[in-house]
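What follows is a single structure, written as structure tokens, with notes after it.
The values are calculated or read from the model by the stated rules, or taken from the named source; none is laboratory data. The shown structure was predicted, so the numbers you read here are calculated from the model rather than taken from an experiment. Methodologically, a virtual Cβ is constructed for each residue, glycine included, from the backbone with ideal geometry; neighbour enumeration extends over all protein chains shown. With ligands, DNA and RNA removed, areas are computed over all heavy atoms of the protein, side chains included. Shrake-Rupley method; radii C 1.70, N 1.55, O 1.52, S 1.80 Å.
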Amino acid sequence: MNKLSLQGAVWVASDIHLGAAIPETARAFQGFLDQARRHADALILCGDIFDAWVGDDHALRNPPDWLAAALDELRTTARAIPLWLVRGNRDFLMGRALADALSARLLDAPVVLDTDAGPILLAHGDEYCTDDHAYQRFRRIVRTPWVQQVFLALPLGLRRAIAARARARSRQTRRTKPMAIMDVNPAAIAQALRDSGCHILIHGHTHRPAIHTLDLDGRTAQRYVLPDWEYDGGAPPRGGWIEIDAAGIRLVTDPESAQS
Ligand code: LP5
Ligand code: MN
């Protein structure tokens, strides 16, 4: 199991899904990054930072304006505090070239964080949605190294088309999928905690921010779910993060505070 020791105030956010048509979400996230630079000692972005990532080259060679602005903010943050990037199910193709260009570091998850609040298991969370067999099949395929190499060797335009097709298919299948199977499986969570030796888990992906208390073999454990970010959809704004320090772990879900 991967391990990382982080002292001081560690902030964690995920599921921002940065893309071309979400200016208000991008603005709120910039406000959050500014706060993190001022108040955190390290920042972990725990997956699905981007809406769909088709390879580092498209970002580094000639990024569209929205992406260039996002990369600048991330680079500014990484130069102020250590910035760790965890891959999610939308941006599992983020690579070393991107991390280096941002002065950030990739963080392979699941990972045990050794923090001032104690040991914490951290993961994006999609790996725990084990009842979603169609997704887990898709995940096994797209996480296969040779499949990724073949995909990354394709012309950028074709990669973008495949990603758009996968996004469309995902939106379509989600409409009919029972909500329950798109959440984490309790047995998978319990086993992950047992395997890690932790009694605290932080993950994102499900877009169901909450703090859950569970019994793990007679001991109390807690599962923190990170908020997703959505300021453009017309619905009530969603956003937030988790703060870890010697005083404990806090889930911040007040979207307005991301902008202050
Ligand atoms: O992402 P979201 O929140 O909508 O739903 C996820 C699961 N879906 C996915 C798919 C992603 O959205 C696709 C992102 C593409 C990134 C670029 C890489 C492109 C290919 C790389 C090849 C190496 O993660 C969804 C879960 C849901 O979370 C809740 O947990 O249910 O899972 C599914 O929808 C599973 C579907 O059955 C499979 C979806 C993709 C279908 C593949 C078609 C690819 C087109 C090929 C054309 C040649
Ligand atoms: Mn996700």
- Note on the structure: For the pair Trp66 and Arg160, the simple spin-label estimate (label points 7 Å beyond Cα toward Cβ) gives in nm 1.2 nm
- Query: Roughly speaking, to the nearest percent, how much of segment 13-97's 1.4 Å accessible area is carbon and sulfur?
  - Reply: 47 percent
- Message: Take His133 and Arg194, extend 7 Å from each Cα along the Cα→Cβ direction, and tell me the distance between the two endpoints in nm.
- Response: 2.3 nm
- Item | Chain lengthening between Ala153 and Ala20 when straightened (0.36 nm per residue, less Cα-Cα) | 45.5 nm
- Packing-based ranking, highest mean first, of 39-47, 79-87 given that Cβ atoms within 10 Å are counted: 39-47, 79-87
- Item | Surrounding net charge for Arg37, when Lys and Arg each add one and Asp and Glu each subtract one, Cβ distance under 10 Å | 0
- Note on the structure: What the 10 Å binned alpha carbon P(r) of segment 59-185 shows, as percent of pairs per bin from 0, is 10, 33, 36, 20, 1
- Item | Lys, Arg +1 and Asp, Glu -1 on Cβ, resulting dipole of segment 2-259 about Cα centre, debye, nearest 20 | 940 debye
- Item | Cα convex hull volume per residue for the chain (Å³) | 125 Å³
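By DSSP, what percent of the beta bridges with both residues in the chain are antiparallel, rounded to the nearest 5?
50 percent
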- Residue-normalised accessible area of the chain, given per residue in Å² at a 1.4 Å probe: 46 Å²
- Query: Under a plain spin-label model, where a point goes 7 Å from the Cα along Cα-to-Cβ, how far apart in nm are Asp114 and Asp41?
  - Reply: 1.4 nm
- Query: What dipole magnitude, in Debye to the nearest 20, does segment 1-108 give about its Cα centre under +1 on Lys/Arg Cβ and -1 on Asp/Glu Cβ?
  - Reply: 340 debye
- Query: Once you list every other residue whose beta carbon is under 10 Å from the beta carbon of Pro110, what net charge do they have if Lys and Arg are +1 and Asp and Glu are -1?
  - Reply: -3
- Item | Carbon and sulfur %, accessible surface of segment 155-260 computed with the full protein complex present, 1.4 Å | 54 percent
